[in-house]
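Visitor: I have a structure I would like to understand better, so I am pasting it below and will then ask my questions one at a time.
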Amino acid sequence: MSGTFVGMPAFPVAAHEAVHDSTLRGNLRHATHTIRAKREKAVAEVSDWAALREAGKQIKDHTLRHLDRYLVQLEEAVTAAGGVVHWAADADEANRIVTALVRMTGETEVVKVKSMATQEIGLNEALEGAGIHAYETDLAELIVQLGKDRPSHILVPAIHRNRGEIRDIFAREMGEWGRPAPEGLTDTPAELAEAARLHLREKFLRAKVGISGANFMVAETGTLVVVESEGNGRMCLTLPETLISVVGIEKIVPSWRDLEVFLQTLPRSSTAERMNPYTSMWTGTKDGRAGEGDGPGTFHLVLLDNGRTDTLADEVGRQALRCIRCSACLNVCPVYERAGGHAYGSVYPGPIGAILSPQLRGTGSEIDASLPYASSLCGACYEVCPVAIDIPEVLVHLRERIAEGGPATRDGNRVLLKPAKGHAAERAAMRAARWAFSHPGALRGGQRLASRTRRFHPRTLPGPGRAWSATRDLPEVPAESFRDWWQRTRGGKDVTK
């Protein structure tokens with residue numbers, strides 16, 4: 001995975017700074033509460049939502065179990081429709097492929113559809129290094145790009161910005177990138193949208209190369225699908241002569257019948273809509289299909305691994321690959337709401353990022369080793385996930401890997417990870433607890449001792465434990481253990497009779 005965001009401080013340090021930004025917290029609170037309230041209403045309209053959720057989970061799990069077969073089927077179908085398929089093992093290889101394909105056209109500008117995969121590999125930076133300008137056309141991505149910023153949300157990358165900040169960015173930066181913002185631009189949504197529309201229109205009409213990701217790929221026909229709400233995706237997918245799509249290998253579904261499930265769950269979970277305003281589908285090239293139509297004359301599909309097969313090898317962690325990028329988990333997460341997306345040090349923020357990034361990138365960096373701890377384990381993320389990813393289960397699984405070390409798969413090889421630094425006290429405490437729970441007499445004696453010395457217990461923990469108790473109240477030890485209370489009040493008798 002790209003190192004674009006690696007090098008940031010660990011999550012606790014970044015989050016500590018973010019929570020003191022009152023403007024950021026206000027923007028996040030307003031946006032996340034609004035989105036999740038709308039989502040609740042949209043989901044409540046569907047009487048069989050639980051069945052759709054389970055169907056999505058089963059389809060994804062089946063596909064991941066047979067990924068090798070479906071990827072080959074997809075390649076054959078795309079090739080038969082006039083497209084060219086490329087395989088990229090990592091971010092560097094994907095960037096080299098895309099850069100070479102753009103250079104072959106002789107163009108120095110490309111327009112882009114919003115794509116998490118291209119952000120993941122740092123494609124814009126790679127193209128810039130090759131003298132190729134990549135223009136984001138999604139409104140929120142445009143705001144982030146013009147503001148020389150980083151995305152902080154999967155669905156709404158500029159969620160951390162308010163309208164006044166967006167107006168200032170447009171007025172200050174648009175002229176450097178193309179058509180300047182209108183004079184006297186205000187912060188009303190209509191004027192901001194019109195300024196973006198005018199700015200982007202000339203780029204759509206001029207661009208010869210488009211770059212996209214895809215929400216889904218249908219194996220049986222080689223069809224790619226992009227869902228969006230603004231129409232910029234439709235412009236990028238149909239107007240350029242050459243289209244290059246960079247897509248993670250997990251985005252595949254076997255058939256059109258399977259796709260039908262996700263076209264119901266994705267829009268309701270992401271934008272709280274019954275159906276996305278723009279659902280664009282294409283199969284190969286317009287010349288590779290029977291008859292004339294819209295679309296590119298040349299189509300390249302870059303299938304991206306970049307840590308996905310390593311993730312697939314983990315029987316617990318692989319469920320993260322079910323993710324359809326709806327962002328519902330972010331909007332209900334109390335940690336994300338207060339810390340924001342930048343603190344996660346990845347293009348995948350929030351609960352899904354806390355389990356996906358450490359698997360795609362490994363846990364060797366300080367930021368990645370801290371991400372599985374960026375959660376209260378409240379479980380709200382699991383409850384709203386439309387493909388039933390048990391995020392708390394994976395978080396605990398990854399915490400164990402970081403604290404204890406153990407076997408893992410990296411770059412296709414089975415390796416033995418060493419325990420991360422800073423967890424020695426935690427390991428010692430867990431081993432002591434395991435020993436105590438395995439010896440009932442010692443546990444009983446410890447409980448009685450704790451009860452009898454309760455008045456002398458400190459309010460905070462000393463040493464390494466101070467980091468834990470600095471933001472939490474230590475629970476008071478009761479005057480009597482449950483075991484002793486039960487023996488005293490019930491006398492060990494069976495009270496069910």
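The values are calculated or read from the model by the stated rules, or taken from the named source; none is laboratory data. Keep in mind that this is a model prediction, so the values were computed, not measured. Neighbour counts run over all protein chains shown; Cβ positions are idealised from the backbone, glycine included. With ligands, DNA and RNA removed, areas are computed over all heavy atoms of the protein, side chains included. Shrake-Rupley method; radii C 1.70, N 1.55, O 1.52, S 1.80 Å.
Visitor: Within the set of other residues whose C-beta is less than 14 Å from the C-beta of R454, count the net charge using Lys and Arg as +1 and Asp and Glu as -1.
Guide: Within the 14 Å Cβ shell, the charges total +1.
Visitor: Please report how far the C-alpha centroid of region 363-414 lies from that of region 108-142, rounded to the nearest whole angstrom.
Guide: Using only Cα atoms to place each centre, the spacing works out to 29 Å.
Visitor: Report, by chain and number, residues whose modeled amide H sits under 5 Å from the one on E273, excluding near sequence neighbours (fewer than 5 apart, same chain).
Guide: Placed amide hydrogens put R268 under 5 Å from E273.
Visitor: A follow-up question, please. May I ask for the percentage of alpha-carbon pairs in region 342-407 that lie more than 18 Å from each other?
Guide: Here the tail beyond 18 Å accounts for 30 percent of pairs.
Visitor: With a 1.4 Å probe and every protein chain left in place, work out the accessible area per residue of the chain in Å², rounded to a whole number.
Guide: Result: 48 Å² per residue.
Visitor: Counting only helical runs of four or more DSSP H residues, what would the 222 nm mean residue ellipticity of the chain come to if each run contributes -39,500 (n - 2.57) and the total is spread over all its residues?
Guide: The helix contribution divided over the chain gives -14500 deg cm²/dmol.
Visitor: Return the sequence-ordered ³J(HN,Hα) values of region 376-385 in whole Hz as given by the Karplus equation 6.51 cos²θ - 1.76 cosθ + 1.60 applied to θ = phi - 60°, using x for Gly and Pro.
Guide: 8, 6, 6, x, 4, 5, 5, 5, 9, 5
Visitor: Say each of E202 and L417 gets a label point 7 Å from the Cα, pointing the same way as Cα to Cβ; how far apart are those two points in nm?
Guide: It works out to 4.9 nm between the two label points.
Visitor: OK, next. Counting alpha carbon pairs within less than 8 Å and at least 6 residues apart, what relative contact order, in whole percent, applies to the chain?
Guide: 19
Visitor: Another question, if that's okay. Quick one: Karplus J couplings for region 358-365, per residue in order, coefficients 6.51, -1.76, 1.60, θ = phi - 60°, nearest Hz, x for Gly and Pro?
Guide: With coefficients 6.51, -1.76 and 1.60, one gets x, 7, 6, 9, x, 10, x, 8 Hz.
Visitor: If you take the beta carbon distance between R448 and E54 as r and set R0 to 60 Å, what does 1/(1 + (r/R0)^6) give as a FRET efficiency, to the nearest 0.05?
Guide: Efficiency, rounded to the nearest 0.05: 0.80.
Visitor: Distance in nm between label sites at E480 and E109, each 7 Å beyond Cα in the beta-carbon direction?
Guide: 8.1
Visitor: Hey, another quick one. Convert each backbone phi in region 471-477 into a coupling constant with the Karplus relation 6.51 cos²θ - 1.76 cosθ + 1.60 (shift: θ = phi - 60°), then list the ³J(HN,Hα) values in order as whole Hz, x for Gly and Pro.
Guide: Running phi through 6.51 cos²θ - 1.76 cosθ + 1.60 with θ = phi - 60° gives 10, 9, 8, 5, x, 6, 7 Hz.
Visitor: Continuing with the same structure: At what distance in nm do the modelled label points of R179 and M281 sit from each other, each positioned 7 Å from its Cα along Cα→Cβ?
Guide: Computed distance between label sites R179 and M281 equals 3.3 nm.
Visitor: Using alpha-carbon pairs under 8 Å, 6+ residues apart, how would you state the relative contact order of region 189-324 in percent?
Guide: Across region 189-324, relative contact order equals 28 percent.
Visitor: Enumerate the amide H contacts of H153 below 5 Å, restricted to partners 5 or more residues apart or on another chain; note that Pro and chain-start residues carry no placed amide H.
Guide: Amide H neighbours of H153, under 5 Å, 5+ apart: I159.
Visitor: Also, quick follow-up: Report for the chain the percent antiparallel among DSSP-assigned beta bridges with both residues inside it, nearest 5.
Guide: Here the share of antiparallel DSSP bridges comes out near 35 percent.
Visitor: If you don't mind, there's one more thing I want to ask. Between T186 and A37, take the C-beta separation as r, use R0 = 35 Å, and let me know the FRET efficiency to the nearest 0.05.
Guide: Computed FRET efficiency for T186 and A37: 0.80.
Visitor: I'd like the isolated cysteines in the chain, meaning no second cysteine's beta-carbon lies under 4.7 angstrom from theirs.
Guide: C236, C323, C326, C333, C378, C385
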